[in-house]
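Laboratory data are not the source of any read-out in this text; all were calculated from the coordinates shown. This is a predicted model, so every value here is computed, not measured. We place every Cβ from the backbone using ideal geometry, glycine too, and count neighbours over all the protein chains shown.
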Amino acid sequence: MQRILSAAKRVAAGNTKVLITGESGVGKDVLARYIHAHSSRASAAFVALNCAGLSEPLIESELFGHVRGSFTGAHRDKAGRLQLAHRGTVFLDEIGEMSPRMQALLLRFLESGEIQQVGSESVVARSDVRVISATNRDLTTMVAEGHFREDLLYRIKVAHLHVPPLRERPEDIPPLVEHAIRHAGVACTVTPEAMDVLSRYSWPGNVRELQNVVEQIASLLPHGSSVGVDDLPGTLVGRVLDTVAPSRERRRQFADDIYEALVSGTYDFWHDVQTLFLNRDMTRHDLRAVVRRGLRTTNGSYRALLGLFRIGASDYKRFLNFLAAHHCRIDFREFRGGAAPDRLTESEGPVCTTAARPADPAAEPRYME
């Protein structure tokens, strides 16, 4: 991490575009703010946008702005974040989730610096911003598969910083635990045995998960207490002590954990999974993997997913609209190979194509049922 920070400080001195890669929760946004704070643009704005949390129309409006009357609800002109960050820094988190059309619009801006707002027929402004991008995806592989523009990758990857996952730097765990305790504002100490368990845990959610675990522990202990192994979350201790489970790729392991927590009732879909997704602790890829595994279990029945994930029957349309809004719908037909007792007719299950995209960026995508 010291080498990464040293490289980040050198990069900050210039004006090059930066791509930060690493798993979810490693602190890519923190590194982006570090670069901005040590750059000549530090006195100007730092504007962040999560590309995974918004649909394509909303991303376009947020980035470039819109003019009054361009869609339903556009009652006034609105400047986009690229314009608001003039002479500052724009941080595009999870850029790998951008649609091909948005990739083309972003490339045009990077080449010209010109901003054309949604609903406008001409360029309304030019903006001088430094773009820092981040992703937990392998963009090179996405380029090879045709999911990401190669010319855009060349534009955003002038300087590349990779933040390793926490499991590859266990020596950082004790000081991070101590920092999280101070940040929580609770005076407590961690026993050597408990610290050993924390150091051996794989931390699939990385630093963000560590901070959440420490805050959870600190909130339950009396002031001045000592944290022992028994005070740690049971699931965490169980994974550390269970040495027979084979190690798997982090994202697949994370999606499996979420699925099992939903099925067992440990997690509530709206309270836990939706919150993880909107807080960027869970990517679209993760959510799609959870839905895909559920559909495999229900032989493609979206309605049966309600019972499997313990979602109320009245939330059926809400559930489908949530998946559609975030492009996490999976074609149910690939799971209909075998007979299922609760198999639905085609009219009962969601057809995984959407109607024409609404002109209103705030409009919610709808399923055809």
Worksheet item: Got a sec? Charge dipole of the chain, +1 on Cβ for Lys and Arg, -1 for Asp and Glu; which of 203, 192, 232 is way out at the positive end?
Response: 203
Discussion item. Could you work out how much longer the chain between residue 266 and residue 144 gets when fully extended? Use 0.36 nm per residue separation minus the Cα distance between them, nm to one decimal.
Written reply: 40.0 nm
Fill in: the chain - charge dipole about Cα centre, Lys and Arg +1 at Cβ, Asp and Glu -1, debye rounded to 20
960
Practice prompt. Just give me a number: lysine pairs in the chain, eight or more positions apart or cross-chain, with C-alpha atoms less than 27 Å apart.
Written response: 7
Fill in: chymotrypsin sites (Phe, Trp or Tyr not before Pro) lying in DSSP loop within segment 133-223, provided at most 16 other Cβ fall within 10 Å
none
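What value does segment 120-193 have for Rg/Rh, both radii from Cα atoms and Rh as Kirkwood defines it?
1.21
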Discussion item. Can you give me the Kirkwood hydrodynamic radius for segment 2-164, using every pair of distinct Cα atoms, in Å to one decimal?
Written reply: 16.1
Worksheet item: For the peptides 103-111, 121-129, what is the packing order when you average, over each peptide's residues, the other Cβ atoms within 10 Å and list the highest mean first?
Response: 103-111, 121-129
Worksheet item: Ranked from highest to lowest mean number of other Cβ atoms within 10 Å per residue, what is the order of the peptides 305-316, 42-53, 290-301?
Response: 290-301, 42-53, 305-316
Response to the item:
Dividing the helical contributions, -39500 (n - 2.57) per DSSP H run of n ≥ 4, by the residues of the chain yields a 222 nm value, nearest 500 deg cm²/dmol, of -12500 deg cm²/dmol
